[in-house]
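Okay, so here's the structure we're looking at.
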Amino acid sequence: MACRLTDQSYNWYYSSSWILTPDFFTYWRTTRGQTVYTWSASNRTDIINWAILGDVLQAADSSGVVVHSMIVTKVDSGHIYLTYHSGKSSLDRVDRPLSDIDISAYDRYYLVRFE
C-alpha cells in the first residue's frame, strides 16, 4: 500500500510494506511469492545454517505477528551478523552477531530470501 504525504516543503510517497514490519512480510510472501522459511525461536542453529547474505530475518510474537526485521549483512565462519534499527532511542546496530541477540524474546522467526 502506498500513501502520499504532503507538506509545504516536500511531496513524496512511502510504502507501508517497507516501514511496517507485518506489511513487509506479507508483501514479499503473498504478493511477490518469495520463499519464506520458519523456525522456532529456540533454534538458533537452523537460522545460522540457512541464512545467507541479504536475507531478512523477522521476529514474531506469540500470535505469529511479525514485530521486528533484521538484515543479514555478514556471514563469516559459521556466524551470521545482522543490521537493524530498534527502539525508541533510535538504536542502530550494524553487523551485530546473532550470538549476541537474545532470540528467546520472540516465539518464531521467519527468514525471507529474495530469489
Next item on the list: Filter the range 37-51 for residues that are modelled with pLDDT under 75 and closer than 20 Å to residue 113 by Cβ and give the result.
Entry: 38, 39, 40, 41
Item checked: 1 or more residues within 21 Å of residue 22 (Cα to Cα) and touching a Phe, Trp or Tyr at 6+ places or on another chain (Cβ under 9 Å): qualifying strands (runs of 3 or more DSSP E) within the range 48-115 -> 56-60, 66-76, 91-97, 108-113
Check: Considering only the range 71-107, how many residues are of a type in the set (Ser, Thr, Tyr) and modelled with pLDDT under 85?
Finding: 5
Item checked: In the range 1-26, the residues that are within 28 Å of residue 79 (Cα to Cα) and either modelled with pLDDT of 70 or more or assigned to a strand (DSSP E or B) (or both) -> 20, 21, 22, 24, 25, 26
Checklist line | Enumeration of residues in the range 40-78 that are more than 15 Å from residue 105 (Cβ to Cβ), surrounded by 13 or more Cβ atoms within 10 Å (Cβ to Cβ) and not hydroxyl-bearing (Ser, Thr, Tyr) | finding: 46, 48, 50, 51, 55, 56, 71, 72, 74, 75
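The values are calculated or read from the model by the stated rules, or taken from the named source; none is laboratory data. Owing to the predicted nature of the structure, the values given are computational and were not obtained by experimental measurement. A quick note on method: Cβ atoms are made from the backbone with ideal geometry, for glycine too, and the neighbour counts reach across all protein chains shown.
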